[in-house]
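This report refers to the structure that appears directly beneath it.
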Amino acid sequence: MKERNELYPVFLKVSKLNILVVGGGNVGHEKLHFLLKSSPNANVEVVAKWFLPETEELALKHGVKLTKSRYKRKFLKKRHVVIAATNDAKLNKRVHRHAKKRYLLANIADTPELCDFYMGGIVNKGHVKIAISTNGKSPTTAKRLRQFFEEVIPENVNEMVENLNEYRKTIKGDFEAKVNELNSLTESLIEKKEKDD
C-alpha cells in the first residue's frame with residue numbers, strides 16, 4: 001500500500017491561544033518568523049538564555065514577550081501550544097516530555113516523531129490561505145509549492161471572496177440551499193480551468 005499524508009489540516013486562531021517558543025537562536029527565530037508572518041497578532045512568549053538581534057527586533061514589532069531565562073517546566077503553565085526550537089536535542093526532548101504530561105500540542109524542531117503538528121508552507125492572499133504539508137518529509141518541497149501557488153493564485157482572489165461573502169448573505173433558504181447556490185455559482189472556476197487544459 002502506498003504511503004499517504006494522514007495529517008488533518010486546521011487553521012488555529014493563534015491570537016486566542018497561548019503559545020510558548022523555547023529557543024532564541026536561528027531555529028527559534030525561524031519558527032517565530034513564520035508564525036508571525038502568517039499570524040501577526042499571535043499570542044507568543046519566547047524563552048531563551050539569549051536572543052538573536054533580529055528576534056528582538058521581530059518581537060518588538062509584534063509585541064512578543066521575550067523572557068531571558070533557562071527553560072523551566074513552569075513556563076508551560078496556561079499554554080495551549082509549545083514549540084521547542086533549540087539546538088540542544090536533550091532540552092527539546094525534555095520540553096516535549098513536559099508538554100505531553102500537560103496534554104499540550106507540541107512541535108519539536110527537526111524531530112518529526114515528537115511533533116503533534118508541523119509548521120508547513122503557507123500561501124496567503126488576503127482571506128485565502130493555503131497550507132502545504134509534506135508529512136514532515138521535505139520542507140524544501142513545501143517551500144517550492146508555496147512559491148508556485150503564490151504565482152498562480154490571482155491577486156484579486158480576495159475581492160472574489162469578499163463578493164461571494166456578500167452574495168451569500170442575500171441567499172434565502174437553509175444551509176444546504178446556500179451551499180448548493182454557491183457551488184453552482186463557483187463551478188465555472190473549475191470548468192474554465194478544464195477548458196484551458
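For the chain, the relative contact order is 15 percent, taking Cα pairs closer than 8 Å that sit 6 or more residues apart in sequence and dividing their mean separation by the residue count.
How much length, in nm to one decimal, is gained on full extension between Lys2 and Asp116, taken as 0.36 nm per residue of separation minus their Cα-Cα distance? Walk me through the numbers on the way to the answer.
Details: separation 114, 0.36 × 114 = 41.04 nm, distance 2.24 nm.
In short, 38.8 nm is gained.
Restricting segment 100-182 to trypsin sites (Lys or Arg not before Pro) that sit in a DSSP loop and have at most 10 other Cβ atoms within 10 Å of their own Cβ leaves Lys172. Extending 7 Å from Cα along the Cβ direction at Ala89 and again at Asn165 yields two label points whose distance is 4.6 nm.
If a/c stays under 1.5 just call it rounded; otherwise compare a/b with b/c (prolate if a/b is bigger, oblate if not). Do that for segment 1-125, with a ≥ b ≥ c from the square roots of the Cα gyration tensor eigenvalues.
Details: a/c = 1.57, a/b = 1.18, b/c = 1.33.
Because a/c hits 1.5 or more and a/b fails to exceed b/c, segment 1-125 counts as oblate.
Spacing of the modelled spin labels on His127 and His80, each 7 Å from Cα toward Cβ, amounts to 2.2 nm.
Using DSSP to define loop residues, name the chymotrypsin sites (Phe, Trp or Tyr not before Pro) in segment 1-67 whose beta-carbon has at most 15 other beta-carbon atoms within 10 Å.
Numbers: sites: Phe11, Phe34, Trp50, Phe51; in loops: Phe11, Trp50, Phe51.
Listed in order of number, the matching sites are Phe11, Trp50.
A straight Cα-to-Cα reach below 15 Å connects Lys129 with the aspartates and glutamates Glu150, Glu151, Glu155, Glu159, Glu162, residues fewer than 8 places away in its own chain not being considered. Taking 30 Å as the limit for the C-alpha separation, the pairs Lys74/Lys143; Lys125/Lys169; Lys13/Lys68; Lys13/Lys137; Lys2/Lys90; Lys49/Lys125 exceed it in the case of Lys74/Lys143; Lys2/Lys90; Lys49/Lys125. Note on Lys77: aspartates and glutamates with a C-alpha under 18 Å away, same-chain residues under 8 apart excluded, are Glu45. Along the axis of the charge dipole computed for the chain (Cβ charges of +1 for Lys and Arg, -1 for Asp and Glu, origin at the Cα centre), the listed residues Ile132, Val27, Val157 are led at the positive end by Val27.
Normalised per residue, the accessible area of the chain is 70 Å², obtained with a 1.4 Å probe and no contribution from ligands, DNA or RNA. Taking a ≥ b ≥ c as the square roots of the eigenvalues of the alpha-carbon gyration tensor, segment 3-63 is classed prolate because a/c is 1.5 or more and a/b outweighs b/c. Anisotropy class assigned to segment 61-197 is prolate, per the alpha carbon gyration tensor with a/c at or over the 1.5 cut-off and a/b larger than b/c. Taking the chain as the reference, fit the longest principal axis to its C-alpha atoms, fit the long axis of helix 139-152 to the helix C-alpha atoms, and give the angle between the two in degrees, 0 to 90, nearest 10. That works out to roughly 30 degrees. Helix 26-38 and the long axis of the chain differ in direction by around 30°, with both axes built from C-alpha atoms.
Pop out the carbon and sulfur fraction of the accessible area of segment 65-136 as a percent, whole number, probe 1.4 Å. Please list the in-between numbers first.
Numbers: 2180 of 4360 Å².
Taking all protein chains in place, segment 65-136 shows 50 percent carbon and sulfur surface.
The values are calculated or read from the model by the stated rules, or taken from the named source; none is laboratory data. Note that the coordinates shown come from a computational prediction; the quantities given were computed from them, not determined experimentally. When we count neighbours, we look across all protein chains shown, and the Cβ atoms used for this are built from the backbone with ideal geometry, even at glycine. Ligands, DNA and RNA are stripped out before the accessible areas are found, and what is left, the full protein with its side chains, is counted by its heavy atoms. Shrake-Rupley method; radii C 1.70, N 1.55, O 1.52, S 1.80 Å.
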